[in-house]
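Comments concern the structure below.
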Amino acid sequence: MFTRFGGALAATAAIVVGALSWLLFGAVLELEAPYLAALALALGCYVAVATAERRPAQT
């Protein structure tokens, strides 16, 4: 929102991972706090993809 860290790919990956993990953690694994676990996983995914996006391609 207010920084240049992360692009569209990082945002999309975080949304997809967060939504799927929330469903998995809540319905299948029945964790006590599925939203918080999914939020943490989505944040980690966003940071990982955003960091990978910033690296120049190696040739």
Residues of the range 29-48 satisfying the condition of being modelled with pLDDT under 95 and either part of a helix (DSSP H, G or I) or surrounded by 13 or more Cβ atoms within 10 Å (Cβ to Cβ) (or both): Leu31
Residue check, Leu24 in contact with a Ser or Thr (Cβ under 6 Å, 6 or more places away or on another chain) and surrounded by 12 or more Cβ atoms within 10 Å (Cβ to Cβ): no
Qualifying residues in the range 3-28 (those that are part of a loop (DSSP other than H, G, I, E, B) and within 13 Å of the chain's Cα centre (by Cα)) - the one farthest from Thr51 (Cα to Cα): Gly7
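The values are calculated or read from the model by the stated rules, or taken from the named source; none is laboratory data. Note that this is a predicted model, so its numbers are computed, not measured. Please note: Cβ atoms are built from the backbone with ideal geometry, for glycine as well, and neighbour counts cover all protein chains shown.
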